[in-house]
Amino acid sequence: MGIISCLGNDTATVTHSLKTGRSGIVLDEQRQKLGFRSPLTARIRDFSPGDFGIGKKALRSMCEPALYAMAAAKGAVKDAALSDNMLQNNRCGIIFGNDSTVKASVEAVDIARESGETHYIGAGYIFKAMNSTITMNLASHFGTRGANWTLSAACASGAHVIGQALMMIRSGMQDIIIAGAAQETNWMAMASFDSLNAFSSHTEDPQSASRPFDRRRNGLVPGGGGACIIMESLDHALSRGAQIYCTIDGYGFSSGIGKSLSEPGREGSQRAMLNALDDAGIGPDDIDYINAHATSTPMGDLAEAIAIHGVFGPDTPVSSTKSMTGHECWMSGTSEVIYTILMAKNGFLAPNINFTALDDNCPPIDVVSRTCQASIRHAISNSFGFGGTNAAVVLNFKL
């Protein structure tokens, strides 16, 4: 695993943040000056590309999400002890989730407008501005010869990547997939999102602004970074003596929206979870923890609570790590799997901070509001995106 997050730039720091309920959300003065309805954001701290061996030459073709992804992927490759021979062959590929590279596109347009010609944009900007900026840069760096593409599916991108990698490995087409997702955090990427009035207005206390499932929630807080996991067939991992954190036993997907592109569909969310359980060959009673998608929006959280209650009833522990990270958007499907793995590895459930009580019209679900010890055997992680794209991933820790 490798991760760049507002909770930390390595798994040890992220684990400590999860365990202590530390929020990475701040009020951004630049957004405030630009007239954002909500100037809140989750902030990545102390990130320098050079600290991860990313040199000046690489910066010419790498935008913000590509930099986060490269740092996370290098961390994951190191953690997995993958040799050059394992990486540089036809059986190893890269699939990443990304659904925007706004800043690079805006900068290129600004240069053209200011100079009156395109010459000064330079050759690197096309590689920065493409959605596939991550996978093209990572494949070039690691020298992989297998799968090499980007998956765009809104806020379910990172989960669908894991599902697609799972299917490719099961099919025998690949032995190893460097799988992950990234999300840019700059204000340019969030300006149009802010105009939807979907962000939290709890600016008086930034760290309490993201309140998944809480009756006082009134919008999400944007975040981002990069997250990567190394997926491989169990036989391949065992044959090389790899450290195995868990097996990915199930993947479920569905499509279905409410009355608009931004409104969630309750039935579709439920169907994705049921499909993931069916793929894993287990039932709802086997799940010990649910890492909810819950972003802290009134409609989205209610729809997911109804879906969770419909599948699991009132007693399965649930928390949304977005209470600490904000909504990491395209990256969240992968980062939240990592957060769940870190909880299981260290024997605790991370709290859904800022939670006091459910809405009166919300069905009962067991929202974990304080850190607690736990033995997680199976967990499910939910990811739901604009346009009704839904994904759920089942993790098995009974190794």
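The values are calculated or read from the model by the stated rules, or taken from the named source; none is laboratory data. These numbers were taken from a predicted model, which means no experiment stands behind them. In this analysis, Cβ positions are derived from the backbone assuming ideal geometry, glycine residues included, and neighbour counts consider all displayed protein chains.
Checking each residue of segment 74-86 against the condition of being modelled with pLDDT under 95 and touching a strand residue (DSSP E or B) at 6+ places or on another chain (Cβ under 9 Å) gives no match.
To keep it simple, each residue is scored yes or no on (1) within 30 Å of residue 43 (Cβ to Cβ); (2) over 14 Å from the mean Cα position of the chain (by Cα); (3) among the charged types (D, E, K, R).
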{"position": "262", "(1), (2), (3)": "yes, yes, no"}
{"position": "284", "(1), (2), (3)": "no, yes, no"}
{"position": "291", "(1), (2), (3)": "yes, no, no"}
{"position": "294", "(1), (2), (3)": "yes, no, no"}
{"position": "301", "(1), (2), (3)": "yes, yes, yes"}
{"position": "317", "(1), (2), (3)": "yes, yes, no"}
{"position": "328", "(1), (2), (3)": "yes, no, yes"}
{"position": "335", "(1), (2), (3)": "yes, no, no"}
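With respect to the conditions (1) in contact (Cβ under 8 Å) with a residue 60 or more places away in the chain; (2) among the acidic types (Asp, Glu); (3) surrounded by fewer than 18 Cβ atoms within 10 Å (Cβ to Cβ), residue 263 falls short on a single one, namely (1).
Yes or no, residue by residue, for (1) part of a strand (DSSP E or B); (2) under 18 Å from residue 21 (Cβ atoms):
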residue: 351; (1), (2): no, yes
residue: 360; (1), (2): no, no
residue: 363; (1), (2): no, no
residue: 369; (1), (2): no, yes
residue: 375; (1), (2): no, no
residue: 383; (1), (2): yes, no
residue: 391; (1), (2): yes, no
residue: 398; (1), (2): no, no
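Is segment 149-170 home to any residue that is more than 23 Å from residue 223 (Cα to Cα) and touching an Asp or Glu at 6+ places or on another chain (Cβ under 8 Å)? Checked against the condition, which is being more than 23 Å from residue 223 (Cα to Cα) and touching an Asp or Glu at 6+ places or on another chain (Cβ under 8 Å), segment 149-170 yields at least one hit. Which of the residues belonging to segment 267-312 are assigned to a loop (DSSP other than H, G, I, E, B) and surrounded by fewer than 20 Cβ atoms within 10 Å (Cβ to Cβ)? Matches in segment 267-312: 281, 282, 283, 288. Quick one: count up the residues across segment 16-36 that are more than 13 Å from residue 190 (Cβ to Cβ), surrounded by fewer than 20 Cβ atoms within 10 Å (Cβ to Cβ) and touching a residue at least 12 places away in the same chain (Cβ under 8 Å). Final tally of qualifying residues: 6. Would you confirm, using the coordinates I've provided, whether residue 341 is in a loop (DSSP other than H, G, I, E, B), closer than 28 Å to residue 17 by Cβ and modelled with pLDDT of 95 or more? Against the criterion (in a loop (DSSP other than H, G, I, E, B), closer than 28 Å to residue 17 by Cβ and modelled with pLDDT of 95 or more), residue 341 does not qualify.
Is segment 243-264 home to any residue that is in a helix (DSSP H, G or I) and of a type in the set (A, V, I, L, M)? Taking every residue of segment 243-264 in turn, none turns out to be in a helix (DSSP H, G or I) and of a type in the set (A, V, I, L, M). Residues in segment 109-161 that are closer than 22 Å to residue 71 by Cα and charged (D, E, K, R): 128, 145. If you filter segment 244-260 down to residues that are modelled with pLDDT under 95 and polar (S, T, N, Q), you find that the one that is surrounded by the most Cβ atoms within 10 Å (Cβ to Cβ) is 255.
Here residue 324 fits the description: out of contact with any strand residue (DSSP E or B) (no Cβ under 7 Å at 6 or more places or on another chain) and at pLDDT 95 or above. Listed by position, the helices (runs of 4 or more DSSP H) contained in segment 37-126 that have at least 2 residues being in contact with a Gly (Cβ under 8 Å, 6 or more places away or on another chain), polar (S, T, N, Q) and buried (at least 20 other Cβ atoms within 10 Å of the Cβ) form an empty set.
The single condition among (1) free of Cβ contacts under 8 Å to residues at least 12 places away in the same chain; (2) among the charged types (D, E, K, R); (3) more than 20 Å from residue 296 (Cβ to Cβ) that residue 128 does not meet is (1). Scanning segment 346-370 for residues that are under 25 Å from residue 230 (Cα atoms) and either surrounded by 24 or more Cβ atoms within 10 Å (Cβ to Cβ) or touching a helix residue (DSSP H, G or I) at 6+ places or on another chain (Cβ under 8 Å) (or both) yields 346, 348, 349, 350. Search segment 41-60 for residues that are free of Cβ contacts under 8 Å to residues at least 12 places away in the same chain and pair each with any residue that is aliphatic (A, V, I, L, M) and surrounded by fewer than 15 Cβ atoms within 10 Å (Cβ to Cβ) when their beta-carbon atoms are under 7 Å apart and the residues are at least 6 apart or on different chains. The qualifying pairs do not exist here.
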